[in-house]
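*Asks:* Got a structure for you, written out below as structure tokens; questions coming shortly.
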Amino acid sequence: MEARYRSTLWACCFANFFQAVGSCFAILYVPLRGLYGLSFTDFGILVSLNFITQVASDVLFSKPVEKYGFRPFAVAAPLVSAAGLGLFAAAPLLFPRRPFAGFCAGMFLFAAAGGLQELLLSPILDALPIPEERKARSMSMLHSFFAWGQIFVVLATTGLLAVWGAARWQWIVLLWAAPPVAGAALFCRVPLARKNGGAPPLPALARKGVFYALLAAIVLGGAAEVTMAQWASAFLEKGLQLPKLAGDVWGVCFFSLMLALGRSGYAALGARVPLHRLLIGDSGAAAVLYVVCALAQSPLLGVLACGLTGLCVSLLWPGAIILASRRIPSAGAAMFALLSAGGDVGASLGAFCVGRAADWAQASGTVFAGAAGESGALRAGLLLAAVFPLLCCGVHTALHCSEARAGLPARGERRHGQ
């Protein structure tokens, strides 16, 4: 039975790997800013639109998926993703006076498909009739593929920009539209199993105070993770004056590599390590690294701070889900859907706040860390972002204290989120 569903596992991993195509937008921001005059706030709006739409997609499609099954949506989602990428690439032609409107429309379609895939992939694997131990390893592998996909997309996008030039950015975006089409073809063929059971009523969950603490933890963790992932490329190029190729490869890819290694390492060794200690230490260290990055005068120090932040934030999102499975074991799928939506909200909030703060600092002529203009503005934005992991550290400290008072064990189930 397990061999029969091996193709399903790889189809899900393929889809999650190329869902990281969204990372290419962070690499393309500086070229698009130069070509079309986008502001930092515009980029923050695009990032926010991405995650807000993913949240809405999670909510709106949950009932139709339960009613009609996985396959029609698993096939449709990557096709809509490809359509969104195509619209994004065509925006300057379709909206010559205001290409940003076309960028938003393309991002909306891409994000709606991404939210639908986020809703589908884990339940598809969870429904497979395979041994629980194998299922846990498969789920961990699925979520690590997103981080590895980020590395591939960043390297490939950076290399193509170096070879083709910024003026041909549209061809790069269209190239990334091909893998989702292949993913749709895979889901036309692979065997899918039905998922039994449903989520319990939400009012009972809403009466649990610990749920709100866990929701706050994942909102802040999502903000801490995605803010650096989205802004590192622009910061290293404009803030530290690094060549774009060096900034993307040694900064953004270093961040993604550390993110992937952190999650893969916990999948292998997590049962031996008290999770709360990791989450408290990692979030506190991430806050320090954000400050170091914002104040760094040395490009090497800035690159190291950006990259190591990836290791420190790698568990903040999945760690909150692991804690939730231990603290509220009877909550079921509804709780995890809400937590995932919370992570997307945090990602949107963090990226937007940095963009808004950077625009304000540049408009006001603020000199920060000895730098003015774009460099000082981006530094000020990243310093503000240190608030997110710092607050996350406080939430996890409070959760740890409540567990200690309740006499709960220090180690949780090995359940992993994206």
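*Asks:* Quick check on this structure: which one of Leu279, Leu300 is surrounded by fewer than 20 Cβ atoms within 10 Å (Cβ to Cβ) and assigned to a helix (DSSP H, G or I)?
*Replies:* One residue alone meets the criteria, Leu300.
*Asks:* Then there's this: Just the residues that are open to solvent by 40 Å² or more (accessible area, probe 1.4 Å) and farther than 20 Å from Ala20 by Cβ, please, taken from segment 77-111.
*Replies:* Leu93, Leu94, Phe95, Pro96, Arg97, Arg98, Ala101
*Asks:* Between a first residue in segment 80-101 that is within 18 Å of Asp42 (Cα to Cα) and a second residue that is among the basic types (Lys, Arg) and surrounded by 13 or more Cβ atoms within 10 Å (Cβ to Cβ), which pairs have beta carbons less than 8 Å apart while being 6 or more apart in sequence or on different chains?
*Replies:* Pairs found: none.
*Asks:* Is at least one residue of segment 91-109 in contact with a Pro (Cβ under 6 Å, 6 or more places away or on another chain) and either assigned to a loop (DSSP other than H, G, I, E, B) or over 24 Å from Ser348 (Cβ atoms) (or both)? Full working, then the answer.
*Replies:* Step one: of segment 91-109, the residues in contact with a Pro (Cβ under 6 Å, 6 or more places away or on another chain) are 91-92, 99.
Remaining after also requiring either assigned to a loop (DSSP other than H, G, I, E, B) or over 24 Å from Ser348 (Cβ atoms) (or both): 92.
Within segment 91-109, one or more residues are in contact with a Pro (Cβ under 6 Å, 6 or more places away or on another chain) and either assigned to a loop (DSSP other than H, G, I, E, B) or over 24 Å from Ser348 (Cβ atoms) (or both).
*Asks:* Quick check: anything in segment 95-105 modelled with pLDDT under 90 and aromatic (Phe, Trp, Tyr)?
*Replies:* Scanning segment 95-105 turns up no residue that is modelled with pLDDT under 90 and aromatic (Phe, Trp, Tyr).
*Asks:* Does Ala296 satisfy the condition of being of a type in the set (Gly, Ala, Ser) and modelled with pLDDT of 85 or more?
*Replies:* It is true that Ala296 is of a type in the set (Gly, Ala, Ser) and modelled with pLDDT of 85 or more.
*Asks:* Yes or no: segment 48-57 includes at least one residue that is free of Cβ contacts under 8 Å to residues at least 60 places away in the same chain and assigned to a helix (DSSP H, G or I). Don't jump to the end; show me each part of the working.
*Replies:* So the first thing to find is which residues in segment 48-57 are free of Cβ contacts under 8 Å to residues at least 60 places away in the same chain, and the list is 56.
Filter once more, keeping what is assigned to a helix (DSSP H, G or I): 56.
Yes, because at least one residue in segment 48-57 is free of Cβ contacts under 8 Å to residues at least 60 places away in the same chain and assigned to a helix (DSSP H, G or I).
Yes/no matrix, rows are residues, columns are (1) charged (D, E, K, R); (2) modelled with pLDDT under 90; (3) farther than 30 Å from Ala377 by Cα:
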| site | (1), (2), (3) |
| --- | --- |
| Phe14 | no, no, yes |
| Phe18 | no, yes, yes |
| Ala26 | no, yes, no |
| Val55 | no, yes, no |
| Leu60 | no, yes, yes |
| Lys63 | yes, yes, yes |
| Tyr68 | no, yes, yes |
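*Asks:* Could you tell me whether segment 212-220 includes any residue that is outside any helix (DSSP H, G or I), without any contact (Cβ under 8 Å) to a residue 12 or more places away in the chain and out of contact with any Cys (no Cβ under 7 Å at 6 or more places or on another chain)?
*Replies:* no
*Asks:* Could you look through segment 384-400, keep only residues that are surrounded by fewer than 21 Cβ atoms within 10 Å (Cβ to Cβ) and not hydrophobic (A, V, I, L, M, F, W, C), and pick out the one that is nearest to Leu275 (Cα to Cα)?
*Replies:* Filtering segment 384-400 for residues that are surrounded by fewer than 21 Cβ atoms within 10 Å (Cβ to Cβ) and not hydrophobic (A, V, I, L, M, F, W, C), the one nearest to Leu275 (Cα to Cα) comes out as His400.
*Asks:* State whether the residues of segment 237-246 include one that is polar (S, T, N, Q), assigned to a helix (DSSP H, G or I) and in contact (Cβ under 8 Å) with a residue 12 or more places away in the chain.
*Replies:* no
*Asks:* Assigned to a helix (DSSP H, G or I), at pLDDT 85 or above, out of contact with any Phe, Trp or Tyr (no Cβ under 7 Å at 6 or more places or on another chain) and surrounded by fewer than 19 Cβ atoms within 10 Å (Cβ to Cβ): does that describe Leu9?
*Replies:* No: the conditions fail for Leu9.
*Asks:* Any chance segment 167-180 includes a residue that's at pLDDT below 90 and either within 25 Å of Val249 (Cα to Cα) or not polar (S, T, N, Q) (or both)?
*Replies:* Within segment 167-180, one or more residues are at pLDDT below 90 and either within 25 Å of Val249 (Cα to Cα) or not polar (S, T, N, Q) (or both).
*Asks:* In segment 20-53, which residue that is open to solvent by less than 10 Å² (accessible area, probe 1.4 Å) and farther than 18 Å from Cys353 by Cα is nearest to the chain's Cα centre (by Cα)?
*Replies:* The selected residue is Ala20.
*Asks:* Specify the residue that is most open to solvent (accessible area, probe 1.4 Å); the eligible residues are those in segment 165-181 that are more than 22 Å from Ser256 (Cβ to Cβ) and either part of a helix (DSSP H, G or I) or in contact (Cβ under 8 Å) with a residue 24 or more places away in the chain (or both).
*Replies:* Trp171
The values are calculated or read from the model by the stated rules, or taken from the named source; none is laboratory data. Computed from a prediction, not measured in an experiment: that's the story for all the values here. As a convention, Cβ positions derive from the backbone with ideal geometry for all residues, glycine included, and neighbour counts pool all protein chains shown. These accessible areas exclude ligands, DNA and RNA; they are computed on the full protein's heavy atoms, side chains included. Shrake-Rupley method; radii C 1.70, N 1.55, O 1.52, S 1.80 Å.
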